[in-house]
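This report refers to the structure that appears directly beneath it.
No value in this document is a laboratory result; all are computed from the given coordinates. These numbers come from a predicted model, not from an experiment. Reconstructed Cβ throughout: ideal geometry from the backbone, glycine too, with neighbour counts over all protein chains shown.
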């Protein structure tokens with residue numbers, strides 16, 4: 001469990017609410033695209049060193065494409081963040097403009113996670129969060145590292161906010 005001082009500035013914690021988990025999509029989910037960008041940069045540098053004249057100038061094309069590819073991939077990775085507190089689940093997207101979706105744990109009806117075979121080998125997957133009265137997933141956390149663990153944390157905290165069978169009998 002993490003302390004309240006670790007909560008991102010865009011998360012508003014109520015008194016006594018604690019940060020449970022915070023993370024970004026797995027780097028492994030964007031690693032291939034990032035590596036392609038780095039390879040393009042390396043090829044461009046190699047061509048620039050080995051050749052002269054017009055070909056040396058043309059080496060700027062793969063360098064530019066590589067910088068663009070790696071840069072966009074990194075920005076997309078950093079623009080998504082997930083937060084689980086003892087009371088809510090948050091998903092933030094965007095860097096310049098920001099979109100924050102939060103769902104209170106007491107509104108969550110069901111959670112599940114999925115992993116394809118490659119995602120399972122690479123250790124990431126997707127968590128679907130459903131609330132009562134809706135037809136589909138209300139919130140999907142994509143490319144979450146170790147989704148089984150994170151889904152387990154959500155389930156553990158859901159159990160803390162849902163009334164237990166003994167509590168229901170006493171209030172009825």
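Just to verify a number: FRET efficiency for residue 86 and residue 49, C-beta to C-beta distance, R0 = 45 Å, to 0.05?
The pair residue 86/residue 49 has a calculated efficiency of 0.20.
Enter the angle in degrees (range 0 to 90, nearest 10) between the Cα long axis of helix 147-161 and the first principal axis of the Cα atoms of the chain, meaning the one along which they spread out most.
Helix 147-161 and the main axis of the chain meet at about 30 degrees.
Counting other beta carbons within 10 Å of each Cβ, put 10, 21 in order, fewest first.
By the 10 Å Cβ count, ascending: 10, 21.
Going by a ≥ b ≥ c, the root eigenvalues of the Cα gyration tensor, does segment 31-75 fall in the rounded group (a/c under 1.5), the prolate group (a/b larger than b/c) or the oblate group?
prolate
Remind me, relative contact order of segment 102-161 in percent, using alpha carbon pairs under 8 angstrom and six or more residues apart?
With pairs under 8 Å counted, the relative contact order is 34 percent.
Is the C-alpha gyration tensor of segment 102-161 telling us rounded, prolate or oblate? Criteria: a/c under 1.5 is rounded; beyond that, a/b larger than b/c is prolate, otherwise oblate.
oblate
Could you grab the relative contact order for segment 31-75? Cα pairs under 8 Å, six or more apart, rounded to a whole percent.
Rounded, it is 52 percent for segment 31-75.
Computed from the coordinates I sent, volume of the Cα convex hull per residue in Å³ equals one of (1) 202; (2) 136; (3) 164. Tell me the label.
Matching entry in (1) 202; (2) 136; (3) 164: (3).
Got a sec? How would 78, 107 order by Cβ neighbour count within 10 Å, fewest to most?
Fewest to most other Cβ atoms nearby, the residues stand as 78, 107.
Under 8 Å for C-alpha pairs, at least 6 residues apart: give me the relative contact order for the chain, rounded to a whole percent.
18
Test of understanding: ordering 116, 79 by Cβ neighbours within 10 Å, fewest first, what list do you get?
Exposure proxy ranking, most exposed first: 116, 79.
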